[in-house]
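Novice: Below is a structure I'd like to ask you about.
Computed from the coordinates by the stated procedures, all read-outs in this text should not be read as laboratory data. No experiment lies behind these values; they were computed from the predicted model shown. Cβ: placed from backbone, ideal geometry, glycine included. Neighbour counts: every protein chain shown.
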Amino acid sequence: MNTEPISIDGVAGPVVVTTNALWGRPAVTVGGVPAPRTGRRQYALPAAAGGTVEATVRIAFADPYPTVEVNGVQHRTGPPVPVALRVLAPLPILLIAVGGALGGLIGVLGLVANLAVARTRTPAAVKGLTMVGVAVVASVVWLAIAVAVQAAIASS
């Protein structure tokens, strides 16, 4: 998922952060050119005056937009997300408590879906209802798989 381009003082071009939906590993481009990674979530961004500027990409749990920190100043790559949506996004993860590894897998897929919903340009109320729907669908899928596995075990 790509963020919108942001301008950062001292950096030679618009900065875009791309995150992998499953692994969350960010990649940074400046003016369309990939920035080299210098450490874990650290990048050397080309400076406007020549040379490079150190940047750190931070990804908060249940926040669909990473933050780029340059010279101690944090730059958000997307609009702020209401607290209610940040609470609803990880709701499918609760399947771990009742579903073990299978519930965890389905819960993580639900979390990824909810983070994608959080990035859409729809009203917060619609996003909230959609996130609740994703959690319900994840629960139904987990239940259907659990019942099918149980039936298969009982019939053998």
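Novice: Given 4 °C and 1.567 mPa s, compute D for the chain with the Stokes-Einstein relation, Rh being the Kirkwood radius over Cα pairs; round to the nearest whole µm²/s.
Specialist: The Stokes-Einstein estimate is 75 µm²/s.
Novice: Which value, in debye to the nearest 20, describes the size of the charge dipole of segment 29-156 about its Cα centre when Lys and Arg Cβ atoms bear +1, Asp and Glu Cβ atoms bear -1, and nothing else is charged?
Specialist: Dipole of segment 29-156, to the nearest 20 debye: 160 debye.
Novice: Separate question: Could you derive backbone 3J(HN,Hα) for segment 118-129 from the dihedral phi with the Karplus parameters 6.51, -1.76 and 1.60 (θ = phi - 60°), listing whole Hz in sequence and x where the residue is Gly or Pro?
Specialist: Per residue, the Karplus-derived 3J(HN,Hα) values read 4, 7, 5, 9, 10, x, 4, 5, 5, 4, x, 5 Hz.
Novice: How much FRET efficiency would the formula 1/(1 + (r/R0)^6) give for residue 137 and residue 73, where r is the Cβ-Cβ distance and R0 is 35 Å, rounded to 0.05?
Specialist: 0.30
Novice: Treating only the Cβ atoms of Lys and Arg (+1) and Asp and Glu (-1) as charged, compute the dipole magnitude of segment 15-76 about its Cα centre; round to the nearest 20 debye.
Specialist: Approximately 160 debye in magnitude.
Novice: Next up: For the chain, modelled as a Gaussian network with Cα springs under 10 Å, which listed residue fluctuates most, 59, 106, 145?
Specialist: 145
Novice: Right, something else. With unit charges on the beta carbon (Lys/Arg positive, Asp/Glu negative), name the residue among 138, 82, 44 whose Cα is farthest towards the positive pole of the charge dipole of the chain.
Specialist: Among 138, 82, 44, the one farthest towards the positive end of the dipole of the chain is 138.
Novice: Can you run phi through the Karplus equation (6.51, -1.76, 1.60; θ = phi - 60°) for segment 62-74 and list ³J(HN,Hα) in whole Hz, with x for Gly and Pro?
Specialist: For segment 62-74, the Karplus curve yields 6, 10, x, 10, x, 10, 9, 9, 10, 6, x, 9, 8 Hz.
Novice: Another question about this same structure. Which listed residue (107, 8, 153) has the Cα farthest towards the positive end of the charge dipole for the chain, taking +1 on Lys and Arg C-beta and -1 on Asp and Glu C-beta about the Cα centre?
Specialist: The listed residue farthest towards the positive side: 153.
Novice: Evaluate E = 1/(1 + (r/R0)^6) for residue 83 and residue 2, where r is the Cβ-Cβ distance and R0 equals 25 Å; express this FRET efficiency to the nearest 0.05.
Specialist: Details: r = 25 Å, r/R0 = 0.99.
It comes to 0.50.
Novice: Quick one: what are the phi-derived ³J(HN,Hα) couplings along segment 3-18, Karplus 6.51/-1.76/1.60 with θ = phi - 60°, whole Hz, x for glycine and proline?
Specialist: Couplings: 8, 5, x, 10, 9, 10, 4, x, 9, 7, x, x, 9, 10, 10, 10 Hz.
Novice: Could you check the spin-label model distance between residue 9 and residue 144? Points 7 Å from the Cα along Cα→Cβ, value in nm.
Specialist: That separation, rounded to one decimal, is 5.4 nm.
Novice: Per the Debye formula with a single identical scatterer at each Cα and no solvent contribution, what log10 I(q)/I(0) holds for segment 51-142 at q = 0.13 Å⁻¹?
Specialist: One equal scatterer on each Cα of segment 51-142 leads to -0.49.
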